[in-house]
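A quick write-up on the structure given underneath.
The values are calculated or read from the model by the stated rules, or taken from the named source; none is laboratory data. Fair warning: this is a prediction, and the values are worked out from it, not measured in the lab. Cβ placement follows ideal geometry from the backbone for every residue including glycine, while neighbour counts extend to all protein chains displayed.
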Amino acid sequence: MFYNTGIATYIWVLTNRKPEHRRGKVQLIDATNWFRPLRKNLGQKNCELGEAEIERICRTFLDFEESEESRIFENRFFGHWRVTVDRPLRLAVDLSEARLEPFWVACRAAGDPALAEAAGAVAERIGAGPHRHLAAVEDEVRGELKRLGGRRTRLTIKRRGLLHAHLADRDEAAEPVIDKVLPRGTAADPIRGRFAVGEGRGTRVVEYERDSELRDTEQISLLEEGGIEAFLRQEVLPWAADAWYDEGSVKIGYEISFNRVFYKPKPMRTLEEITADILATEREAEGLLSQITGGFLARESRVRYRKLRVYADTSVIGGCEDEEFRTASRRLMDRVAGGEITLVVSSVMLEELDGAPKAVQDAFFSLPPEATERVQLTAEARALADHYIASGALTEKMRADALHIAIASTTGVDALVSWNFRDIVNERRMRQYDRVNRNLGYRSVGICTPEDFDDDE
(Lines give C-alpha, C1' and ligand atoms only; values in the text may rest on other atoms or scores of the structure.)
Protein backbone atom coordinates (compact mmCIF):
# COMPACT_ATOMS: atom_id res chain seq x y z
CA MET A 1 0.00 0.00 0.00
CA PHE A 2 1.33 3.51 -0.87
CA TYR A 3 4.45 2.13 -2.56
CA ASN A 4 7.03 4.64 -3.82
CA THR A 5 6.15 6.99 -0.94
CA GLY A 6 7.12 7.43 2.69
CA ILE A 7 3.48 7.30 3.83
CA ALA A 8 2.83 4.82 6.62
CA THR A 9 0.21 2.11 6.08
CA TYR A 10 -2.84 2.03 8.36
CA ILE A 11 -5.50 -0.69 8.42
CA TRP A 12 -8.93 0.47 9.59
CA VAL A 13 -11.65 -1.91 10.78
CA LEU A 14 -14.93 0.01 10.82
CA THR A 15 -18.46 -1.16 11.57
CA ASN A 16 -21.72 0.24 12.91
CA ARG A 17 -22.62 -3.17 14.35
CA LYS A 18 -20.11 -3.52 17.16
CA PRO A 19 -20.58 -6.30 19.69
CA GLU A 20 -21.57 -5.10 23.14
CA HIS A 21 -18.06 -5.35 24.65
CA ARG A 22 -16.59 -3.07 21.95
CA ARG A 23 -19.23 -0.34 22.04
CA GLY A 24 -17.88 3.08 23.00
CA LYS A 25 -14.30 1.83 22.69
CA VAL A 26 -11.47 2.00 20.15
CA GLN A 27 -8.71 -0.58 19.87
CA LEU A 28 -5.32 0.46 18.47
CA ILE A 29 -2.81 -2.20 17.40
CA ASP A 30 0.85 -1.35 16.78
CA ALA A 31 1.99 -3.83 14.12
CA THR A 32 5.04 -1.85 13.00
CA ASN A 33 7.37 -4.67 14.11
CA TRP A 34 5.31 -7.45 12.56
CA PHE A 35 6.55 -7.89 9.01
CA ARG A 36 8.78 -9.88 6.74
CA PRO A 37 11.40 -8.23 4.49
CA LEU A 38 10.84 -7.93 0.77
CA ARG A 39 13.36 -9.60 -1.48
CA LYS A 40 13.46 -6.40 -3.53
CA ASN A 41 12.43 -2.93 -2.36
CA LEU A 42 9.41 -1.25 -3.93
CA GLY A 43 10.21 2.44 -3.76
CA GLN A 44 10.70 3.25 -0.09
CA LYS A 45 8.89 0.10 1.05
CA ASN A 46 11.12 -2.77 2.12
CA CYS A 47 8.74 -5.09 3.99
CA GLU A 48 5.31 -6.70 3.74
CA LEU A 49 2.73 -8.56 5.82
CA GLY A 50 3.02 -12.31 5.39
CA GLU A 51 0.46 -14.94 6.34
CA ALA A 52 1.89 -15.28 9.86
CA GLU A 53 1.80 -11.53 10.43
CA ILE A 54 -1.75 -11.23 9.13
CA GLU A 55 -2.84 -14.05 11.43
CA ARG A 56 -1.15 -12.38 14.41
CA ILE A 57 -2.91 -9.06 13.70
CA CYS A 58 -6.28 -10.79 13.37
CA ARG A 59 -5.74 -12.76 16.58
CA THR A 60 -4.78 -9.61 18.51
CA PHE A 61 -7.84 -7.83 17.15
CA LEU A 62 -10.23 -10.64 18.06
CA ASP A 63 -8.73 -11.17 21.53
CA PHE A 64 -9.51 -7.50 22.36
CA GLU A 65 -7.08 -7.43 25.28
CA GLU A 66 -4.59 -4.86 26.55
CA SER A 67 -0.94 -5.53 25.76
CA GLU A 68 2.18 -3.65 24.71
CA GLU A 69 0.98 -3.70 21.09
CA SER A 70 -2.78 -3.51 21.75
CA ARG A 71 -4.34 -0.57 23.58
CA ILE A 72 -8.05 -0.03 24.24
CA PHE A 73 -9.55 3.40 24.98
CA GLU A 74 -12.91 5.03 25.55
CA ASN A 75 -13.99 7.16 22.59
CA ARG A 76 -13.53 10.35 24.63
CA PHE A 77 -9.80 9.69 24.93
CA PHE A 78 -9.38 10.89 21.34
CA GLY A 79 -11.68 13.90 21.65
CA HIS A 80 -10.81 17.52 22.32
CA TRP A 81 -12.43 20.91 22.64
CA ARG A 82 -11.10 23.54 20.26
CA VAL A 83 -11.45 26.83 22.10
CA THR A 84 -10.89 30.41 20.90
CA VAL A 85 -9.11 32.51 23.53
CA ASP A 86 -9.34 36.30 23.26
CA ARG A 87 -7.65 39.20 24.97
CA PRO A 88 -8.76 42.84 25.12
CA LEU A 89 -7.62 45.52 22.72
CA ARG A 90 -5.55 48.12 24.59
CA LEU A 91 -5.06 51.50 22.91
CA ALA A 92 -3.20 54.62 23.96
CA VAL A 93 -4.05 57.98 22.35
CA ASP A 94 -1.29 60.24 21.01
CA LEU A 95 -2.42 63.89 20.61
CA SER A 96 0.94 65.26 19.53
CA GLU A 97 1.21 67.68 16.59
CA ALA A 98 2.83 64.95 14.47
CA ARG A 99 -0.32 62.82 14.81
CA LEU A 100 -2.93 65.61 14.75
CA GLU A 101 -1.78 66.99 11.41
CA PRO A 102 -2.59 63.86 9.34
CA PHE A 103 -5.73 63.46 11.48
CA TRP A 104 -6.91 66.89 10.29
CA VAL A 105 -6.36 65.79 6.69
CA ALA A 106 -8.31 62.55 7.24
CA CYS A 107 -11.21 64.38 8.92
CA ARG A 108 -11.49 66.89 6.11
CA ALA A 109 -11.42 64.06 3.55
CA ALA A 110 -14.28 62.42 5.50
CA GLY A 111 -16.22 65.69 5.58
CA ASP A 112 -15.93 66.05 9.36
CA PRO A 113 -13.75 69.08 10.27
CA ALA A 114 -15.66 69.41 13.57
CA LEU A 115 -14.07 66.18 14.85
CA ALA A 116 -10.59 67.47 14.05
CA GLU A 117 -11.36 70.76 15.79
CA ALA A 118 -12.65 68.91 18.86
CA ALA A 119 -9.53 66.68 19.03
CA GLY A 120 -7.28 69.75 18.74
CA ALA A 121 -9.10 71.48 21.60
CA VAL A 122 -8.82 68.36 23.78
CA ALA A 123 -5.07 68.16 23.03
CA GLU A 124 -4.61 71.75 24.21
CA ARG A 125 -6.49 71.00 27.42
CA ILE A 126 -5.03 67.60 28.45
CA GLY A 127 -1.69 67.54 26.62
CA ALA A 128 -0.10 65.37 23.96
CA GLY A 129 -0.02 62.16 25.97
CA PRO A 130 0.18 59.29 25.35
CA HIS A 131 -3.13 58.89 27.16
CA ARG A 132 -3.67 55.27 28.18
CA HIS A 133 -7.36 55.55 29.02
CA LEU A 134 -9.12 55.69 25.65
CA ALA A 135 -12.61 55.99 27.16
CA ALA A 136 -11.59 59.12 29.09
CA VAL A 137 -10.22 60.76 25.92
CA GLU A 138 -13.39 59.85 24.02
CA ASP A 139 -15.47 61.45 26.82
CA GLU A 140 -13.40 64.63 26.43
CA VAL A 141 -14.01 64.62 22.67
CA ARG A 142 -17.77 64.08 23.21
CA GLY A 143 -17.88 67.05 25.56
CA GLU A 144 -15.99 69.21 23.08
CA LEU A 145 -18.32 68.24 20.22
CA LYS A 146 -21.32 69.28 22.31
CA ARG A 147 -19.62 72.57 23.18
CA LEU A 148 -18.96 73.28 19.52
CA GLY A 149 -22.64 72.63 18.75
CA GLY A 150 -23.90 72.14 15.23
CA ARG A 151 -25.99 69.33 13.82
CA ARG A 152 -23.51 66.51 14.58
CA THR A 153 -22.59 66.39 18.27
CA ARG A 154 -22.44 62.61 18.81
CA LEU A 155 -19.25 60.54 18.79
CA THR A 156 -20.48 58.00 16.24
CA ILE A 157 -18.90 54.68 15.30
CA LYS A 158 -17.43 56.33 12.19
CA ARG A 159 -15.87 59.10 14.28
CA ARG A 160 -14.48 56.58 16.76
CA GLY A 161 -12.97 54.71 13.83
CA LEU A 162 -11.17 57.87 12.66
CA LEU A 163 -9.83 58.50 16.16
CA HIS A 164 -8.59 54.92 16.57
CA ALA A 165 -7.05 54.72 13.10
CA HIS A 166 -5.08 57.98 13.27
CA LEU A 167 -4.48 58.80 16.93
CA ALA A 168 -4.41 55.46 18.78
CA ASP A 169 -1.71 52.75 19.05
CA ARG A 170 -1.62 49.36 20.74
CA ASP A 171 -0.10 49.70 24.19
CA GLU A 172 0.09 46.83 26.72
CA ALA A 173 0.03 49.35 29.56
CA ALA A 174 -3.21 51.00 28.37
CA GLU A 175 -6.68 50.34 29.75
CA PRO A 176 -8.78 47.82 27.77
CA VAL A 177 -11.16 49.27 25.17
CA ILE A 178 -14.80 48.78 26.21
CA ASP A 179 -16.97 47.35 23.45
CA LYS A 180 -20.31 47.00 25.24
CA VAL A 181 -21.84 47.91 28.61
CA LEU A 182 -24.13 45.07 29.73
CA PRO A 183 -27.54 45.61 31.45
CA ARG A 184 -27.55 46.16 35.19
CA GLY A 185 -27.87 42.91 37.11
CA THR A 186 -25.59 41.01 34.71
CA ALA A 187 -23.15 38.95 36.75
CA ALA A 188 -19.44 39.42 36.14
CA ASP A 189 -17.73 36.33 34.73
CA PRO A 190 -14.19 37.25 33.57
CA ILE A 191 -13.33 33.83 32.13
CA ARG A 192 -16.29 34.25 29.73
CA GLY A 193 -15.44 37.87 28.88
CA ARG A 194 -17.75 39.74 31.27
CA PHE A 195 -15.69 42.12 33.44
CA ALA A 196 -16.70 44.39 36.33
CA VAL A 197 -15.40 47.98 36.10
CA GLY A 198 -15.84 50.89 38.48
CA GLU A 199 -16.42 50.87 42.21
CA GLY A 200 -19.35 50.80 44.59
CA ARG A 201 -22.73 51.70 43.14
CA GLY A 202 -21.09 52.81 39.91
CA THR A 203 -19.84 49.31 39.12
CA ARG A 204 -20.93 48.07 35.69
CA VAL A 205 -20.28 44.82 33.84
CA VAL A 206 -18.74 45.29 30.38
CA GLU A 207 -17.37 43.33 27.45
CA TYR A 208 -14.04 44.42 26.03
CA GLU A 209 -13.20 44.79 22.37
CA ARG A 210 -11.18 41.80 21.12
CA ASP A 211 -7.63 42.24 19.86
CA SER A 212 -7.40 40.10 16.72
CA GLU A 213 -3.58 40.07 16.92
CA LEU A 214 -3.67 38.42 20.36
CA ARG A 215 -6.37 35.87 19.50
CA ASP A 216 -5.29 32.27 20.05
CA THR A 217 -6.78 28.78 20.06
CA GLU A 218 -6.37 25.97 22.55
CA GLN A 219 -6.94 22.27 21.99
CA ILE A 220 -8.14 20.75 25.28
CA SER A 221 -8.68 17.05 25.88
CA LEU A 222 -12.24 15.96 26.68
CA LEU A 223 -10.68 14.07 29.61
CA GLU A 224 -9.17 17.25 31.10
CA GLU A 225 -10.02 17.25 34.79
CA GLY A 226 -12.30 20.21 35.43
CA GLY A 227 -12.92 20.78 31.73
CA ILE A 228 -12.22 23.94 29.74
CA GLU A 229 -12.27 26.37 32.66
CA ALA A 230 -9.83 24.38 34.77
CA PHE A 231 -7.41 24.16 31.84
CA LEU A 232 -7.58 27.91 31.16
CA ARG A 233 -7.08 28.77 34.83
CA GLN A 234 -4.01 26.54 35.01
CA GLU A 235 -2.40 27.01 31.58
CA VAL A 236 -3.54 30.40 30.25
CA LEU A 237 -4.58 32.85 32.97
CA PRO A 238 -1.26 32.72 34.90
CA TRP A 239 0.42 34.20 31.79
CA ALA A 240 -2.46 36.28 30.40
CA ALA A 241 -4.72 37.30 33.28
CA ASP A 242 -7.10 39.30 31.05
CA ALA A 243 -7.86 36.39 28.68
CA TRP A 244 -11.29 34.86 28.21
CA TYR A 245 -12.90 32.28 25.97
CA ASP A 246 -15.91 32.50 23.71
CA GLU A 247 -18.38 29.73 24.58
CA GLY A 248 -19.94 30.02 21.13
CA SER A 249 -16.59 29.24 19.49
CA VAL A 250 -16.12 25.88 21.22
CA LYS A 251 -16.01 22.96 18.81
CA ILE A 252 -15.48 19.27 19.54
CA GLY A 253 -13.13 17.25 17.36
CA TYR A 254 -11.49 13.84 17.41
CA GLU A 255 -7.98 12.82 16.42
CA ILE A 256 -6.35 9.40 16.54
CA SER A 257 -2.58 9.62 16.98
CA PHE A 258 -0.64 6.35 17.12
CA ASN A 259 2.51 8.22 18.12
CA ARG A 260 0.78 9.64 21.18
CA VAL A 261 -0.07 6.11 22.34
CA PHE A 262 2.86 3.96 21.24
CA TYR A 263 5.83 6.33 21.06
CA LYS A 264 8.69 5.28 23.32
CA PRO A 265 11.28 7.99 23.97
CA LYS A 266 14.91 7.04 24.04
CA PRO A 267 16.17 6.79 27.63
CA MET A 268 18.26 9.74 28.71
CA ARG A 269 21.97 9.18 28.96
CA THR A 270 23.42 9.23 32.45
CA LEU A 271 25.50 12.15 33.65
CA GLU A 272 28.53 9.83 33.86
CA GLU A 273 28.21 8.85 30.18
CA ILE A 274 27.89 12.47 29.06
CA THR A 275 30.87 13.54 31.18
CA ALA A 276 33.00 10.70 29.79
CA ASP A 277 32.16 11.73 26.20
CA ILE A 278 33.01 15.37 26.87
CA LEU A 279 36.35 14.48 28.43
CA ALA A 280 37.18 12.06 25.61
CA THR A 281 36.40 14.68 22.96
CA GLU A 282 38.39 17.26 24.89
CA ARG A 283 41.44 14.96 25.04
CA GLU A 284 41.11 14.17 21.33
CA ALA A 285 40.91 17.86 20.39
CA GLU A 286 43.83 18.73 22.66
CA GLY A 287 45.94 16.00 21.10
CA LEU A 288 45.24 17.17 17.56
CA LEU A 289 46.03 20.77 18.45
CA SER A 290 49.25 19.70 20.14
CA GLN A 291 50.37 17.93 16.96
CA ILE A 292 49.63 21.03 14.87
CA THR A 293 50.78 23.85 17.15
CA GLY A 294 53.18 22.15 19.53
CA GLY A 295 50.72 22.46 22.37
CA PHE A 296 50.78 26.19 23.02
CA LEU A 297 47.08 26.58 22.04
CA ALA A 298 45.81 23.47 23.74
CA ARG A 299 44.90 25.05 27.05
CA GLU A 300 42.95 27.92 25.52
CA SER A 301 41.07 25.60 23.17
CA ARG A 302 39.58 23.36 25.83
CA VAL A 303 36.42 25.39 26.09
CA ARG A 304 36.45 27.06 22.69
CA TYR A 305 36.94 24.23 20.21
CA ARG A 306 33.23 23.57 19.82
CA LYS A 307 31.09 25.96 17.78
CA LEU A 308 27.52 26.68 18.76
CA ARG A 309 24.91 24.82 16.72
CA VAL A 310 21.91 27.06 16.12
CA TYR A 311 18.68 25.96 14.40
CA ALA A 312 16.93 28.66 12.35
CA ASP A 313 13.43 28.60 10.93
CA THR A 314 12.44 30.33 7.69
CA SER A 315 11.49 33.60 9.40
CA VAL A 316 15.13 34.24 10.32
CA ILE A 317 16.23 33.99 6.68
CA GLY A 318 13.26 36.10 5.57
CA GLY A 319 14.22 38.65 8.24
CA CYS A 320 17.34 39.50 6.22
CA GLU A 321 15.05 41.32 3.76
CA ASP A 322 12.59 42.74 6.31
CA GLU A 323 13.13 46.32 7.44
CA GLU A 324 12.18 45.58 11.06
CA PHE A 325 14.32 42.44 11.49
CA ARG A 326 17.09 43.01 8.93
CA THR A 327 19.86 44.16 11.28
CA ALA A 328 19.70 41.24 13.73
CA SER A 329 19.11 38.59 11.03
CA ARG A 330 22.03 39.76 8.90
CA ARG A 331 24.31 39.99 11.96
CA LEU A 332 23.51 36.34 12.74
CA MET A 333 24.12 35.29 9.12
CA ASP A 334 27.47 37.14 9.12
CA ARG A 335 28.54 35.19 12.19
CA VAL A 336 27.54 31.96 10.45
CA ALA A 337 29.47 32.92 7.31
CA GLY A 338 32.47 33.87 9.48
CA GLY A 339 32.59 30.42 11.07
CA GLU A 340 31.53 31.42 14.62
CA ILE A 341 28.25 29.50 14.46
CA THR A 342 27.04 26.38 12.67
CA LEU A 343 23.60 27.04 11.23
CA VAL A 344 21.46 23.89 11.47
CA VAL A 345 18.86 23.81 8.69
CA SER A 346 16.19 21.18 8.16
CA SER A 347 14.47 19.78 5.11
CA VAL A 348 11.29 21.46 6.42
CA MET A 349 12.95 24.88 6.32
CA LEU A 350 14.37 24.27 2.84
CA GLU A 351 10.92 23.29 1.52
CA GLU A 352 9.45 26.51 2.93
CA LEU A 353 12.32 28.48 1.43
CA ASP A 354 11.40 27.21 -2.05
CA GLY A 355 8.42 29.57 -2.15
CA ALA A 356 10.32 32.58 -0.77
CA PRO A 357 11.38 35.62 -2.88
CA LYS A 358 14.71 35.28 -4.66
CA ALA A 359 16.40 37.85 -2.40
CA VAL A 360 15.51 35.76 0.65
CA GLN A 361 16.75 32.55 -1.00
CA ASP A 362 20.02 34.30 -1.93
CA ALA A 363 20.53 35.33 1.71
CA PHE A 364 20.72 31.63 2.61
CA PHE A 365 22.39 30.07 -0.42
CA SER A 366 25.18 32.66 -0.34
CA LEU A 367 26.45 31.03 2.88
CA PRO A 368 29.49 28.76 2.51
CA PRO A 369 28.33 25.09 2.45
CA GLU A 370 30.64 24.23 5.35
CA ALA A 371 28.90 26.87 7.51
CA THR A 372 25.63 24.92 7.61
CA GLU A 373 24.54 21.50 8.83
CA ARG A 374 21.66 19.88 6.97
CA VAL A 375 19.31 17.63 8.96
CA GLN A 376 16.36 15.58 7.76
CA LEU A 377 12.85 15.27 9.15
CA THR A 378 12.89 11.95 11.01
CA ALA A 379 10.13 9.73 12.37
CA GLU A 380 11.32 10.68 15.86
CA ALA A 381 10.82 14.40 15.14
CA ARG A 382 7.38 13.73 13.58
CA ALA A 383 6.36 11.85 16.72
CA LEU A 384 7.54 14.66 18.99
CA ALA A 385 5.63 17.20 16.87
CA ASP A 386 2.53 15.04 17.31
CA HIS A 387 3.00 15.27 21.07
CA TYR A 388 3.19 19.10 20.95
CA ILE A 389 -0.11 19.15 19.05
CA ALA A 390 -1.77 16.49 21.22
CA SER A 391 -0.81 18.47 24.36
CA GLY A 392 -2.49 21.60 23.00
CA ALA A 393 0.77 23.58 22.78
CA LEU A 394 0.07 23.99 19.06
CA THR A 395 -2.77 23.13 16.71
CA GLU A 396 -2.77 20.99 13.59
CA LYS A 397 -2.61 24.13 11.43
CA MET A 398 0.69 24.98 13.17
CA ARG A 399 2.28 21.59 12.35
CA ALA A 400 5.17 23.22 10.45
CA ASP A 401 6.08 25.18 13.61
CA ALA A 402 5.78 21.99 15.69
CA LEU A 403 8.17 20.24 13.29
CA HIS A 404 10.75 23.05 13.60
CA ILE A 405 10.73 22.78 17.41
CA ALA A 406 10.76 18.97 17.31
CA ILE A 407 13.72 18.84 14.93
CA ALA A 408 15.63 21.29 17.13
CA SER A 409 14.85 19.16 20.21
CA THR A 410 15.80 15.81 18.64
CA THR A 411 19.03 17.10 17.10
CA GLY A 412 20.28 18.62 20.36
CA VAL A 413 21.03 22.13 19.07
CA ASP A 414 22.19 24.86 21.43
CA ALA A 415 19.41 27.25 20.46
CA LEU A 416 16.45 27.73 18.13
CA VAL A 417 16.13 31.23 16.67
CA SER A 418 12.94 32.59 15.10
CA TRP A 419 10.95 35.76 14.51
CA ASN A 420 7.65 33.83 14.90
CA PHE A 421 6.32 35.46 18.07
CA ARG A 422 2.86 33.88 17.88
CA ASP A 423 3.77 30.19 17.77
CA ILE A 424 7.47 29.72 18.60
CA VAL A 425 9.00 32.65 20.56
CA ASN A 426 5.97 32.72 22.84
CA GLU A 427 6.50 32.51 26.60
CA ARG A 428 3.37 30.47 27.36
CA ARG A 429 3.88 28.03 24.50
CA MET A 430 7.59 27.66 25.36
CA ARG A 431 6.61 26.40 28.82
CA GLN A 432 4.36 23.83 27.17
CA TYR A 433 7.14 22.67 24.80
CA ASP A 434 9.47 22.29 27.80
CA ARG A 435 6.87 20.25 29.68
CA VAL A 436 6.40 17.86 26.75
CA ASN A 437 10.18 17.56 26.30
CA ARG A 438 10.73 16.76 29.98
CA ASN A 439 7.99 14.13 29.96
CA LEU A 440 9.52 12.43 26.92
CA GLY A 441 13.14 12.64 28.03
CA TYR A 442 14.35 15.53 25.85
CA ARG A 443 16.18 18.53 27.20
CA SER A 444 14.68 22.00 26.92
CA VAL A 445 15.55 23.97 23.80
CA GLY A 446 16.61 27.59 24.22
CA ILE A 447 14.19 29.53 22.00
CA CYS A 448 14.84 33.18 21.22
CA THR A 449 14.99 35.79 18.47
CA PRO A 450 18.26 36.53 16.62
CA GLU A 451 18.39 39.81 18.54
CA ASP A 452 18.00 38.07 21.92
CA PHE A 453 20.57 35.45 20.89
CA ASP A 454 23.23 38.15 20.59
CA ASP A 455 22.25 39.67 23.94
CA ASP A 456 22.06 36.39 25.89
CA GLU A 457 25.14 34.67 24.50
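Checked against (1) under 30 Å from VAL141 (Cα atoms); (2) without any contact (Cβ under 8 Å) to a residue 60 or more places away in the chain; (3) assigned to a strand (DSSP E or B), LEU91 passes all but condition (2).
Rundown of residues vs (1) more than 22 Å from the chain's Cα centre (by Cα); (2) of a type in the set (Ser, Thr, Tyr); (3) surrounded by fewer than 14 Cβ atoms within 10 Å (Cβ to Cβ), yes/no style:
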residue: SER221; (1), (2), (3): no, yes, no
residue: GLU235; (1), (2), (3): no, no, no
residue: PRO238; (1), (2), (3): no, no, yes
residue: ASP246; (1), (2), (3): no, no, no
residue: TYR254; (1), (2), (3): no, yes, yes
residue: ARG260; (1), (2), (3): no, no, no
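Note on segment 386-414: residues that are farther than 20 Å from LEU353 by Cα and not charged (D, E, K, R) amount to 14. Applying the criterion of being touching a residue at least 24 places away in the same chain (Cβ under 8 Å) and aliphatic (A, V, I, L, M) to the residues of segment 418-434, the residue that is surrounded by the fewest Cβ atoms within 10 Å (Cβ to Cβ) is VAL425.
Anything in segment 68-88 that is of a type in the set (Asp, Glu), closer than 30 Å to HIS21 by Cα and part of a strand (DSSP E or B)? List them, or say none. Scanning segment 68-88 gives a single hit, GLU74. Pairs linking a residue in segment 66-87 that is closer than 15 Å to GLU224 by Cα to a residue that is modelled with pLDDT under 90 and assigned to a helix (DSSP H, G or I), with Cβ atoms under 7 Å and 6 or more positions apart or on different chains, are VAL83/SER249.
Conditions (1) touching a Lys or Arg at 6+ places or on another chain (Cβ under 9 Å); (2) surrounded by fewer than 19 Cβ atoms within 10 Å (Cβ to Cβ), marked per residue:
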residue	(1), (2)
GLN361	no, yes
LEU367	no, yes
ALA371	no, yes
GLN376	no, yes
GLY392	no, no
THR395	yes, yes
LEU403	yes, no
THR410	no, no
LEU416	no, no
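For segment 338-356, how many residues are within 15 Å of VAL375 (Cα to Cα) and not in a helix (DSSP H, G or I)? Total satisfying the criteria: 5. With respect to the conditions (1) under 18 Å from GLN376 (Cα atoms); (2) polar (S, T, N, Q); (3) surrounded by fewer than 18 Cβ atoms within 10 Å (Cβ to Cβ), ASN439 falls short on a single one, namely (1).
Among the residues of segment 255-285, those identified as part of a loop (DSSP other than H, G, I, E, B) and closer than 17 Å to ALA381 by Cβ are SER257, TYR263, LYS264, PRO265, LYS266. Just one of the listed residues (ALA359, ALA402, ALA408, ALA385) is in the same structural domain as VAL445 (by TED's automatic domain parsing), over 22 Å from GLY253 (Cβ atoms), in a helix (DSSP H, G or I) and in contact with a helix residue (DSSP H, G or I) (Cβ under 6 Å, 6 or more places away or on another chain), and it is ALA359. When segment 445-457 is filtered for residues that are surrounded by fewer than 19 Cβ atoms within 10 Å (Cβ to Cβ) and either touching a Phe, Trp or Tyr at 6+ places or on another chain (Cβ under 7 Å) or at pLDDT 85 or above (or both), the ones remaining, listed by number, are GLY446, GLU451. Of everything listed in (1) in the same structural domain as ARG132 (by TED's automatic domain parsing); (2) at pLDDT 90 or above; (3) among the small types (Gly, Ala, Ser), the single unmet condition for GLY79 is (1). Within segment 405-455, the residues that satisfy the criterion of being within 18 Å of GLU324 (Cβ to Cβ), hydrophobic (A, V, I, L, M, F, W, C) and within 16 Å of the chain's Cα centre (by Cα) are VAL417, TRP419, PHE421, ILE424, VAL425, CYS448.
Strands (runs of 3 or more DSSP E) wholly in segment 9-54 with at least 3 residues that are surrounded by 12 or more Cβ atoms within 10 Å (Cβ to Cβ), under 34 Å from the mean Cα position of the chain (by Cα) and modelled with pLDDT of 85 or more - which ones?
Values: elements: 25-29, 36-42, 45-48.
Of the strands (runs of 3 or more DSSP E) lying wholly inside segment 9-54, those with at least 3 residues that are surrounded by 12 or more Cβ atoms within 10 Å (Cβ to Cβ), under 34 Å from the mean Cα position of the chain (by Cα) and modelled with pLDDT of 85 or more span 25-29.
When SER391, SER366, SER329, SER346 are checked against the criterion of being in contact with a His (Cβ under 9 Å, 6 or more places away or on another chain) and either polar (S, T, N, Q) or at pLDDT 90 or above (or both), SER346 stands alone in meeting it.
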